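**Q** My questions will all concern the structure given below.
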Amino acid sequence: MLPKYFQFFCPIKILSGSKAVSNIPFEMGILGCKRAMVVTDKGVVNAGLIEIIKAAFADSDREIGMIFDETPPDSSNRIVNKLAKLFEKEQCDCFIAVGGGSAIDTAKGANIVVSEKSDDLLKLQGAENIKANLKPMIAVPTTAGTGSEVTKAAVIYNEEANCKMSFISDKLYPCIAVLDPSMTATMPPRITAMTGMDALTHAAEAYTCLQKNPISDIFAKGAIELIHKYLVRATENGKDEEAHLGMANAALIAGVAFSNSMTGVCHSLAHACGGVCHVPHGIGNAIFLPWVLEYNSEKIPECVAELSCVLGGEADKTEARQQAMITASLVRDLLTRLSKVSGIPMRLRDAGITEDKLPAIAKLTINDGALVYNPREVTYDDALSILKKAF
Amino acid sequence: MHLNKYKTKENHDFMDDAVYKKISLLRKLPFYPVMQSRAKFLLMDNMMLSLGSAFEVASRCVPEIKREIAGWNEGRRFAMQILPKGPAITLAKQGDRVRIVGKGVQASDVTFMFKNLDAAVPVFVGLQSTHEAMAQSKIMIQGDNAYAQEFNRAMSLVLANLFPVFAYKHLFKAKPKLGVKGLINKSKVYLLLVPQSVVNTIKHFK
């Protein structure tokens, strides 16, 4: 059914393929930039991936102003504010974010602070709150999951309030997304699996949430097809370049989808778990996705049922609700296979969450902005019920 | 707009044509856009004041809303605003209730901004829910997301006590079930709403 009104926006230039990173200095020239602030984390530096970036600048007249590698696993407001100050001090004119969602979101957050000439990120949170034009940003993901290289959202941990904050604006889209298989080849199987499930959750929620539209649906289904084809392969074999590039593209496509149709209660639960228990976002999404699909199938069984084909199920004439349960079980099967290969947990207790934390997680869940877009109403009791099932 | 009592199979198209012809004629009048815009502005101004009054009354009478706002910090402020130059109103938690601070955005912790009057009208007259309006990118939120969700929940309870049951399908993802006590509380809201609205209109008249 066509929505009465929708918006779709995807202004990012995408470079995907072998040696895509070598084009970065050229693209900086087109953007009118000369001195880049590279935002990354210690894991990326230790894996030697920054050397690939540095090599791209070797015979270029563009330069790297500074390499900031202090991004934590969950990007925080304190780190963002520090990065913004360094950006000004080093007189950089663009950001290159190299890493997973945290590095890219940290760069986005610092970009907000720098461009709005603020001193504190906390003052600028919310949706469509950014007035100034942001500095150019190039995103080079080293994981295949968050899709942050093509989204208008940044999720940053508020250290004072102990919760995750969302920043949403059309201005947060990076200028360029660079998918280079050499940047994801060193991902360990566990990271491949959890970021891949993150991408799957993005696509599945984009397809089932209130803001869904015909264009984002195409992107969502395309992403799920690629994930079904490549995720297990990429997890089993780190040297499978095709599989890793396939997953990088799947994550990007899923990112385009959910950036335009938002997510729902699965992300609210994952955000809350991340805020309370510091569970990695991909693991939270992986655990909750099948339960959330079952929960939402009470309200939108047809949408959930339609995903079973792209997940490898058979198109069936069974009733929509039954087909939707098949979709959830296909996701569980995928999670089981990934868990065998990579060891990612399938239940909250295996992810280190204790039962006494569940009420706090449920309380945070119902205050998460993503919940608005969930097709089915979620109360505190509903959130707690899903948590207990996933526990 | 259809004049249903005159509508039959034979004259259905004729009546629709007649209505649309009249509307087309009105649109050709030079001052019609200004009048239409002004009418929407006045409607939204009044609806905001009514909604604010309903919030004041409901936060006094409805136990669920009292429980919802009990956890809010004292002085927390919310504003609703229609861009670019539409009406706006600010509410605040004062004591154990919510009160109208005044018209305009006044140092709010969270502001719900509607893109324009056309985005706001269906929401305020009960024809569209806030979550649908957000899904259609009609509303932007400035401020703390968690506060925004808490306000949204409280506002849903207010709307359940303000609008009649047949409007629920437009307003909620899941229809609230009021029960006997809920209906009694709703009657109290209805009884107190008109006097409170009059008081607020006089107090905040601009």
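**Q** Hey, any idea what the orientation-averaged projected area of the convex hull of chain A's Cα atoms comes to, in nm²?
**A** Numbers: hull surface 69.8 nm².
That works out to 17.5 nm², a quarter of the Cα hull's surface.
**Q** Could you pull out the longest piece of chain B with no exposed loop GluC sites (Glu not before Pro) in it, calling a site exposed if DSSP puts it outside H, G, I, E, B and it has at most 13 other Cβ atoms within 10 Å? Each step should come with its number before you reach the end.
**A** Details: sites that count: B:E10, B:E74.
Free of exposed loop sites, the longest segment is B:75-206.
**Q** Same structure again: Mind sorting A:I112, B:I139 by how few other Cβ atoms lie within 10 Å of their own Cβ, fewest first?
**A** Numbers: A:I112 27, B:I139 23.
Listing A:I112, B:I139 from fewest to most nearby Cβ atoms yields B:I139, A:I112.
**Q** For segment A:93-166, rounded, prolate or oblate, judged on the Cα gyration tensor with a ≥ b ≥ c (square roots of eigenvalues), a/c < 1.5 rounded, else prolate if a/b > b/c? Write down the numbers at each step before the final one.
**A** Working: a/c = 1.86, a/b = 1.19, b/c = 1.56.
Oblate is the answer for segment A:93-166, as a/c is 1.5 or above yet b/c matches or exceeds a/b.
**Q** Can you work out the Karplus-derived ³J(HN,Hα) for every residue in segment A:31-39? Use 6.51 cos²θ - 1.76 cosθ + 1.60 with θ = phi - 60°, whole Hz, and x for glycine or proline.
**A** 7, x, 10, 10, 10, 9, 9, 8, 10
**Q** With each label point set 7 Å from Cα along the Cα-Cβ vector, what nm distance links B:K203 and B:K181?
**A** 2.8
**Q** For the protein assembly as shown, what does -39500 (n - 2.57) per DSSP helix run (n ≥ 4), summed and divided by total residues, give at 222 nm, in deg cm²/dmol to the nearest 500?
**A** Working: 23 runs with 314 residues, N = 597.
Theoretical 222 nm ellipticity from helices: -17000 deg cm²/dmol.
**Q** Would you mind pulling out the separation of the Cα centroids of segment A:310-335 and segment A:135-175, in Å?
**A** Spelled out, the Cα-based centre of one part sits 32 Å from the other.
**Q** Taking a label point 7 Å from the Cα of B:E74 along the Cα→Cβ vector, which residues of segment B:87-129 have an amide N closer than 16 Å to it?
**A** So the set is B:92-99.
**Q** I would also like to ask the following. Does segment A:13-183 come out rounded, prolate or oblate, given a ≥ b ≥ c as the square roots of the eigenvalues of its C-alpha gyration tensor, rounded meaning a/c under 1.5 and, failing that, prolate meaning a/b above b/c?
**A** prolate
**Q** While we're on this one: Helix A:214-236: angle to the longest alpha-carbon principal axis of chain A, degrees 0 to 90, nearest 10?
**A** 90
**Q** If you restrict to DSSP beta bridges whose two residues both lie in the protein assembly as shown, what percentage is antiparallel, to the nearest 5?
**A** On the way: 24 of 52 bridges.
If we restrict to bridges inside the protein assembly as shown, about 45 percent are antiparallel.
**Q** Distance from the Cα centre of segment A:360-390 to that of segment B:13-51, in angstrom?
**A** Here the two parts' Cα centres lie 41 Å apart.
**Q** Looking at segment A:285-314, which GluC sites (Glu not before Pro) are DSSP coil and have at most 11 other C-beta atoms within 10 Å of their C-beta? Walk me through the intermediate numbers first.
**A** Numbers: sites: A:E294, A:E298, A:E302, A:E306, A:E314; in loops: A:E298, A:E314.
Of the GluC sites (Glu not before Pro), the ones in loops of segment A:285-314 whose Cβ has at most 11 other Cβ atoms within 10 Å are A:E314.
**Q** Still on this structure, please answer the following. I need B:R27, B:R97 ordered by Cβ neighbour count within 10 Å, fewest first. Present the calculation step by step, with values, prior to reporting the outcome.
**A** Numbers: B:R27 10, B:R97 16.
Listing B:R27, B:R97 from fewest to most nearby Cβ atoms yields B:R27, B:R97.
**Q** Projected onto the charge dipole of the protein assembly as shown (+1 at Lys/Arg Cβ, -1 at Asp/Glu Cβ, origin at the Cα centre), which of A:N81, A:L122, A:F57 gives the Cα projection farthest towards the positive end?
**A** Result: A:L122, furthest along the dipole toward the positive end.
**Q** Okay, moving on. Give the percent of DSSP beta bridges with both residues in segment A:13-183 that are antiparallel, rounded to the nearest 5. Mind showing how you got there, number by number?
**A** Working: 7 of 30 bridges.
Antiparallel: roughly 25 percent of the beta bridges in segment A:13-183.
**Q** For the residues A:L364, A:L134, what sequence is obtained by ranking on other C-beta atoms within 10 Å, fewest first?
**A** Numbers: A:L364 22, A:L134 19.
Exposure proxy ranking, most exposed first: A:L134, A:L364.
**Q** On C-alpha positions alone, give me the angle between the axis of helix A:281-296 and the longest principal axis of chain A, in degrees, nearest 10.
**A** 30
**Q** I would also like to ask the following. Just check segment B:31-203 against the gyration tensor rule for me: Cα atoms, a ≥ b ≥ c as the square roots of the eigenvalues, rounded for a/c under 1.5, and otherwise prolate or oblate depending on whether a/b exceeds b/c. Don't skip to the answer; put the middle values down first.
**A** Values: a/c = 1.39, a/b = 1.29, b/c = 1.08.
Since a/c stays below 1.5, the shape of segment B:31-203 is classed as rounded.
**Q** Using only Cα atoms, find the angle between the long axis of helix A:77-89 and the longest principal axis of chain A, and express it within 0 to 90 degrees, rounded to the nearest 10.
**A** Long axis of A:77-89 versus the principal axis of chain A: about 20 degrees.
Laboratory data are not the source of any read-out in this text; all were calculated from the coordinates shown. This is a predicted model, so every value here is computed, not measured. Using ideal geometry, Cβ is built from the backbone for each residue, glycine included, and neighbour counts are taken over all protein chains shown.
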